[in-house]
1. Answer yes or no as to whether ASN478 is touching a helix residue (DSSP H, G or I) at 6+ places or on another chain (Cβ under 7 Å), under 26 Å from ARG529 (Cβ atoms), of a type outside the set (Gly, Ala, Ser) and open to solvent by less than 40 Å² (accessible area, probe 1.4 Å).
2. Quick one: is THR130 within 30 Å of PRO165 (Cα to Cα) and of a type outside the set (A, V, I, L, M)?
3. Any idea which of (1) in contact (Cβ under 8 Å) with a residue 12 or more places away in the chain; (2) open to solvent by 10 Å² or more (accessible area, probe 1.4 Å); (3) not assigned by the TED database to the domain that holds LYS39 is the one TYR108 doesn't satisfy?
4. For the stretch 255-266, enumerate the residues that are of a type outside the set (Asp, Glu) and open to solvent by 10 Å² or more (accessible area, probe 1.4 Å).
5. Within the stretch 534-578, restricting attention to residues that are in contact with a strand residue (DSSP E or B) (Cβ under 8 Å, 6 or more places away or on another chain) and open to solvent by 40 Å² or more (accessible area, probe 1.4 Å), which residue is nearest to ASN478 (Cα to Cα)?
6. Of all residues being open to solvent by 10 Å² or more (accessible area, probe 1.4 Å) and either aliphatic (A, V, I, L, M) or touching a helix residue (DSSP H, G or I) at 6+ places or on another chain (Cβ under 6 Å) (or both) in the stretch 364-378, which is farthest from SER450 (Cα to Cα)? Just the residue, please.
7. Taking the stretch 378-403 as the region of interest, how many residues are under 14 Å from ASN446 (Cβ atoms), at pLDDT 95 or above and under 29 Å from the mean Cα position of the chain (by Cα)?
Amino acid sequence: MGVPSTFLSAFFFLSCFICLYSDLAIAKHAAKGVARHYKFNIRMQNVTRLCHTKSVITVNGKFPGPRIIAREGDRLVIKVTNHVPNNISIHWHGIRQLRSGWADGPAYITQCPIQMGQSYVYNFTIIGQTGTLWYHAHVSWVRATLYGPIVILPRPNTSYPFVKPYKEVPIIFGEWWKADTEAVINQALRTGAGPNNSDAYTINGLPGPLYNCSSPKETFRLNVRPGKTYLLRLINAALNDELFFKITNHTFTVVDADASYVKPFETDTIFITPGQTSNVLIKTKNLTSNAKFLMAARPYSTAATGTFDNTTVVGVLEYNTNIMSFANTSIKSLPLPSLPAINDTSFVANWTNKFHSFGTGNVPQTVQNRFFFTVGLGNDPCPKNQTCQGPNGTKFAASVNNISFTLPTTALLQARYFGKSNNLFSTNFPNYPLKPFNYTGTPPNNTMVSHGTKVVVLPYNTTVELVMQGTTIFGAENHPLHLHGFNFYVVGQGNGNFNSTTDPMTYNLVDPVERNTVGVPSGGWVAVRFRADNPGVWFMHCHIEIHLSWGLRMAWVVMDGRLPNQKLPPPPSDLPKC
């Protein structure tokens, strides 16, 4: 009889835990951070879920990928070798990448992808961040299976600003597709329709017992001891879905968002968009029996068009339970936690307002550059002699200020650095919509988007206020916008159309939350501020992958400063070539 995979997972976790803390013990008294070396071999690996085996792209044969563990101030040196036919690039999501833009990872923005048989060393230092971030592929839809957690511990002799947890556990939400996700997105782009749905949501790669043909070993199980505090490192790695998460009869204390401490608050339900991370504490009950409680996640969606996977992934929180004993039949009999309605926009709006920075932070009090971006869906005409399945026989598209971003064939950062950007991109991205309309009311007659590779140029160290306005052309949706290379302060949000006279009066400029990914509310707006203190080319895009593929993306170019430590260093010698 084989050893259950859950036992092997527990043994592997324990081994990693021991290795980690012996490693950290060596570095304990180091005045500065240490260099931590990792080798990522990108390989195909057969993975079985829901009675279906497929070959997927993985890091070192693992799905989800192995965790990266470091302390604030450490330098990470990660050699990525591509053994698969697909082009590969990896983004270290949320890492500031201060003056290390060559390591940021989005294909054709900061680097050309790594081709089969080639390697690239990502080299960067973690500066001013503690908490949970993550890594994922950043080319086409490869991140469907290529992702994993980044655990950033405090500096040596520094503690968390909250109770020390008994144990820390990554919880990564994802999706499982029986189909090849590259075929899914290629078909969607060819037909102009919305993409086919995933077959299941997952917790740490496991879909749980509510899906047909799920085996007992395909359920995530967290075995806990009574009366202990656990730190759950939550990551939403799903391609296309924002999620609610809850554990029956338990509450969370939220202490961190996107690797920035927040003022702790209690909740029994978590909302998390693709790209976002959060650390939450859970205090277990003083139970002596072998009790079990379900944890569950399901989507939030207000989309009026297209389809989505309206299912629920389930895991189990177990007290004093022998990890060798499990059965899906007994799990299914447990009560499901009551999650918000799938379109509960008021919950999401209230959720966002609960987040406040732990300290006063450095939110810009004055603004030198103001921008107003509309974000949302539109359409493209159907090519001649082709039948399209988007709105009214057209193709779905997405845009920022009605510009659907066209990926170049050479990396923007490379072209910019070597002064060869003239024919690759233009610097006339509009600060405001060129044709204003009632963004959350009746759509304009012409909903076609324009296309181009346009960027915004920012002088070094200037301050930015960006208002992102959701549009309702093909229905109101929440858009999780992710900015590479920066954290920003979320200073305001609201319903309907942004009012430039009255809405800024409601801004929080005292303790706004600091994030790298924020939801532009369904049928509303959000305002953020940041300082352009990181020279390079920085991608900004919706983290719902189909919207990214349709063109809801753009880039910021931040100029060098005058001093040597304000300039982008030259590219590494092994930078991949297109």
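The values are calculated or read from the model by the stated rules, or taken from the named source; none is laboratory data. All of these numbers come straight from a predicted model, not from anything done at the bench. Note: ideal-geometry Cβ built from the backbone for every residue, glycine included; neighbour counts use all protein chains shown. These accessible areas exclude ligands, DNA and RNA; they are computed on the full protein's heavy atoms, side chains included. Shrake-Rupley method; radii C 1.70, N 1.55, O 1.52, S 1.80 Å.
1. yes
2. Taking the combined requirement at face value, the residue satisfies it.
3. (3)
4. Once the filter is applied, which keeps residues that are of a type outside the set (Asp, Glu) and open to solvent by 10 Å² or more (accessible area, probe 1.4 Å), the stretch 255-266 yields SER260, TYR261, LYS263, PRO264, PHE265.
5. The residue in question is MET559.
6. VAL367
7. Residues in the stretch 378-403 being under 14 Å from ASN446 (Cβ atoms), at pLDDT 95 or above and under 29 Å from the mean Cα position of the chain (by Cα): 6 in total.
Condition check ((1) of a type in the set (Asp, Glu); (2) touching a strand residue (DSSP E or B) at 6+ places or on another chain (Cβ under 9 Å); (3) open to solvent by less than 30 Å² (accessible area, probe 1.4 Å)) across all residues:
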{"site": "PRO443", "(1), (2), (3)": "no, yes, no"}
{"site": "VAL457", "(1), (2), (3)": "no, yes, no"}
{"site": "THR462", "(1), (2), (3)": "no, yes, yes"}
{"site": "GLU465", "(1), (2), (3)": "yes, yes, yes"}
{"site": "GLY470", "(1), (2), (3)": "no, yes, yes"}
{"site": "HIS484", "(1), (2), (3)": "no, yes, yes"}
